[in-house]
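**Q** Could you have a look at this structure, given as structure tokens, before my questions?
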Amino acid sequence: MRQISVLGSTGSIGTQTLQVVRNNKDIHVAALAAGSNVDLIEQQIREFRPELAVLWEEKKAEELKLRVADLDVKVSWGMEGLIEAASIPAAETVVTAVVGMIGIRPTIAAIEAGKDIALANKETLVTAGHLIIPLAKEKGVKILPVDSEHSAIFQCLQGERGNHIDKILLTASGGPFRGWTLEQMKKVQLEDALRHPNWTMGHKITIDSSTMVNKGLEVMEAKWLFGVDIDRIQVLVQPQSVIHSAVQFDDGAVIAQLGTPDMKLPIQYALYYPERRYLPGDRLDFGKLAKITFEDPDPVNFPGLALALRAGRTGGSLPTVFNAANERAVAMFLKKEIGYLDIARIIEEAMDAHKVIAHPDLNQILQTEQETYDFIAAR
């Protein structure tokens, strides 16, 4: 019986992870952690019977504790609870599906406890990859990517140990505003940005996909996961979301991973690696697909991607500023406090105002995050 802990169990990746658990009969969920959705995590506790459940807010955790008083489950809260869930002795693998930099400290705790990481929290590597990757190597744990693109790259590299990567082809759907001009995007409303053409995701990542900020974050994540320079990662728009990413080797050969847009595939692959298990769902029908098309991204009308590449090339604390500024700007857009194009503008202003720290430690990363939030609040 495999034992896992799921951080972010009520979000999109978390609920799909539990669907994978539901489809298979040999995984036990040792711990569940979520934000504030008391109703859903109670349902999850009753179905999966974890040893530990965590909510972010103490008040919500106290409510949950009363609701599940009839069950043998410990209820904790806050960062302390997240770290406890990440390092719980029973779990062999921790699924990090929380959104944002909140995932850094639990991920570090899990690695230090010798857990393998099924990584869906890209912000951890974007902001602290220089700390996470060496620590994982030191502790001998695996970091198994859950993002569809990074899972695709990981799958393409199986059996290629020792062969040099010439280039990573990181694909993007282009989002709902592919081909739009800045003038057209001035009129974008929240409801427009939340309509992704191919994927069903949480609100934050859906907005990030529409601005192509998400693809910029994925470029920085790929740098750390696969040990390649930013300039050897090429973003390629593939509107059908059939090719999830590809790797080009020194001899010119390109190996790609294809499939329907279903996040349960990379989740299940990470949980059972290197085994491939049957996964219910649609299969690619190449006859019906008819064609797969490609485009270069538009850096002028989607400046979020260009800003991400600038942050990635500069390194140090600048990726933290990029990520934190985007988190805050997207939160403001979701509350309808700013316009759609203000997201990239706020990111650029924060990056321009920041004095880069070349090799930030964890405290400096978290301090940079807070300073970025303070800068945006004062603007």
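**Q** In this structure, does Q155 turn out to be in a helix (DSSP H, G or I) and touching a residue at least 12 places away in the same chain (Cβ under 8 Å)?
**A** Yes: the conditions hold for Q155.
**Q** Among the residues of segment 244-302, write down those that are among the polar types (S, T, N, Q) and more than 14 Å from F154 (Cα to Cα).
**A** Scanning segment 244-302 gives T260, T293, N301.
**Q** Moving on. Looking at segment 326-340, can you tell me whether even one residue there is modelled with pLDDT under 95, among the acidic types (D, E), assigned to a loop (DSSP other than H, G, I, E, B) and not assigned by TED's automatic domain parsing to the domain that holds L217?
**A** no
**Q** Here are some conditions: (1) in contact with a helix residue (DSSP H, G or I) (Cβ under 6 Å, 6 or more places away or on another chain); (2) surrounded by fewer than 21 Cβ atoms within 10 Å (Cβ to Cβ). K65 meets all but one. Which one does it not meet?
**A** Every condition holds for K65 apart from (1).
**Q** Are there any pairs, at least 6 apart or on different chains, whose C-beta atoms fall under 7 Å, with the first in segment 158-187 and exposed (fewer than 15 other Cβ atoms within 10 Å of the Cβ) and the second part of a strand (DSSP E or B) and at pLDDT 90 or above, and if so, which?
**A** Taking only residues 6 or more apart or on different chains, the pairs are N163/F249; H164/F249.
**Q** Considering each residue of segment 45-62, count those that are more than 21 Å from Q3 (Cα to Cα) and surrounded by fewer than 20 Cβ atoms within 10 Å (Cβ to Cβ), and give that number.
**A** Within segment 45-62, residues that are more than 21 Å from Q3 (Cα to Cα) and surrounded by fewer than 20 Cβ atoms within 10 Å (Cβ to Cβ) number 6.
The values are calculated or read from the model by the stated rules, or taken from the named source; none is laboratory data. Predicted, not measured: the structure shown is a model, and the values here were computed from it. Don't worry about glycine lacking a Cβ; one is built from the backbone with ideal geometry, like all the others, and counts go over all protein chains shown.
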